[in-house]
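Single-structure report; data block below.
The values are calculated or read from the model by the stated rules, or taken from the named source; none is laboratory data. These numbers were taken from a predicted model, which means no experiment stands behind them. Because the Cβ atoms are built from the backbone with ideal geometry, glycine has one as well, and the counts that use them run over all protein chains shown.
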Amino acid sequence: MVNAAGTVSAVGGLPAMIRFLALFAFVLGGPAFAAEPMAPPGAPADAFPRPDRPVAEIVAPRWSSEAERDRAGEFEAVAKGMGIAPGETVADIGAGSGYYVVRLSPRVGPGGRVLAEDVTPDYLAALEKRVAGLANVTAVRGEPHDPRLPAASVDAAILVHMYHEITQPFGLLYNLAPAMRPGGRVGIVDADDVPSRHGTPPALLRCELTAAGYRETGFHPLKGGAYLAVFAAPAPDARPAPATIRPCRDATTRR
Ligand SMILES: C[S@@+](CC[C@H](N)C(=O)[O-])C[C@H]1O[C@@H](n2cnc3c(N)ncnc32)[C@H](O)[C@@H]1O
């Protein structure tokens with residue numbers, strides 16, 4: 001639409017053009033992915049110190065084959081250790097290809113919800129296709145320092161085989177805390193190994209979580225040299241100010 005000043009108005013022409021282009025893209029190959037953040041941005045990444053240790057690259061959307069994981073009883077051990085119950089909202093941070101998501105969906109049931117969050121667009125696109133028929137699952141696009149989850153919405157958050165890949169762990173933990181309901185549990189599953197071999201030594205994990213104001217409430221060894229560490233997040237107003245957080249040094253990660 002051309003207005004009196006001779007410029008193109010957004011009222012008529014532009015939205016119609018966008019709708020046409022979106023339809024065209026969809027007909028050609030479908031949308032790349034539709035997952036959006038669920039909350040406004042929290043504190044920015046540059047407010048936080050970097051971790052004083054190596055961070056592993058993101059290399060795959062899964063830890064190992066789902067059949068092997070089932071044979072090892074991984075999901076059951078983690079769901080039990082986390083006390084996941086019907087009706088709860090569970091956030092899977094770094095959901096990848098959705099090994100946990102498709103098992104959590106029936107576990108929390110129709111009265112519960114699974115927020116399947118990730119930062120890698122291709123992985124999110126494939127995950128959305130996988131969970132298309134699961135009414136209680138929502139895919140969420142987060143940022144490496146901020147899961148972008150709604151305030152006070154999450155009963156349990158799991159971070160499985162991904163902690164060693166978080167480029168800004170202090171930012172992620174700070175911005176995750178307000179999404180947790182009071183009494184919510186944050187469970188971290190990782191290999192007891194250095195980040196370059198896709199793990200996090202438990203002592204280093206404890207140090208970083210403590211620096212971010214989290215309190216350890218449980219620790220469960222898992223098969224294959226992995227562990228589940230469970231923490232309580234600080235209340236939003238009890239979080240350490242970003243500038244006061246001191247990164248942890250860990251000799252083992254420097255070998
Ligand atoms: C090795 S895969 C594990 C996927 C899944 N949790 C599992 O156990 O099969 C690591 C996942 O974490 C995601 N990831 C890495 N850094 C992240 C971050 N800061 N926030 C959210 N997801 C992240 C990657 O995109 C990838 O999908």
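With small (G, A, S), surrounded by 20 or more Cβ atoms within 10 Å (Cβ to Cβ) and more than 12 Å from the ligand (Cβ to nearest atom) as the only criterion, which of A34, A85, A79, A39 stands out?
Within the list A34, A85, A79, A39, the selection yields A79.
Out of all the residues in region 92-103, is one or more in a helix (DSSP H, G or I), more than 8 Å from the ligand (Cβ to nearest atom) and not β-branched (V, I, T)?
For region 92-103, residues in a helix (DSSP H, G or I), more than 8 Å from the ligand (Cβ to nearest atom) and not β-branched (V, I, T): present.
Output yes when any residue across region 189-200 is buried (at least 24 other Cβ atoms within 10 Å of the Cβ), within 11 Å of the ligand (Cβ to nearest atom), within 12 Å of the chain's Cα centre (by Cα) and free of Cβ contacts under 8 Å to residues at least 60 places away in the same chain, and no when none is.
no
Scanning for something part of a loop (DSSP other than H, G, I, E, B) and either of a type outside the set (A, V, I, L, M) or in contact (Cβ under 8 Å) with a residue 60 or more places away in the chain (or both), does region 169-182 turn up at least one residue?
No, every residue in region 169-182 fails to be part of a loop (DSSP other than H, G, I, E, B) and either of a type outside the set (A, V, I, L, M) or in contact (Cβ under 8 Å) with a residue 60 or more places away in the chain (or both).
So is H164 buried (at least 24 other Cβ atoms within 10 Å of the Cβ), in contact with an Asp or Glu (Cβ under 7 Å, 6 or more places away or on another chain) and assigned by TED's automatic domain parsing to the domain that holds G94 or not?
When the stated conditions are applied, H164 passes them.
Taking the residues in region 42-76 that are touching a residue at least 60 places away in the same chain (Cβ under 8 Å) and in a helix (DSSP H, G or I) as candidates, determine which candidate is surrounded by the most Cβ atoms within 10 Å (Cβ to Cβ).
Filtering first and then ranking leaves E74.
Consider region 120-155. How many of its residues are in contact (Cβ under 8 Å) with a residue 40 or more places away in the chain, assigned to a loop (DSSP other than H, G, I, E, B) and within 15 Å of the ligand (Cβ to nearest atom)?
Within region 120-155, residues that are in contact (Cβ under 8 Å) with a residue 40 or more places away in the chain, assigned to a loop (DSSP other than H, G, I, E, B) and within 15 Å of the ligand (Cβ to nearest atom) number 7.
Look at R148 and say whether it is buried (at least 20 other Cβ atoms within 10 Å of the Cβ) and farther than 24 Å from A67 by Cα.
Values: buried (at least 20 other Cβ atoms within 10 Å of the Cβ): yes; farther than 24 Å from A67 by Cα: yes.
Yes, satisfied.
Is it true that some residue in region 224-232 is in the same structural domain as G183 (by TED's automatic domain parsing), touching a residue at least 40 places away in the same chain (Cβ under 8 Å) and of a type in the set (V, I, T)?
Within region 224-232, one or more residues are in the same structural domain as G183 (by TED's automatic domain parsing), touching a residue at least 40 places away in the same chain (Cβ under 8 Å) and of a type in the set (V, I, T).
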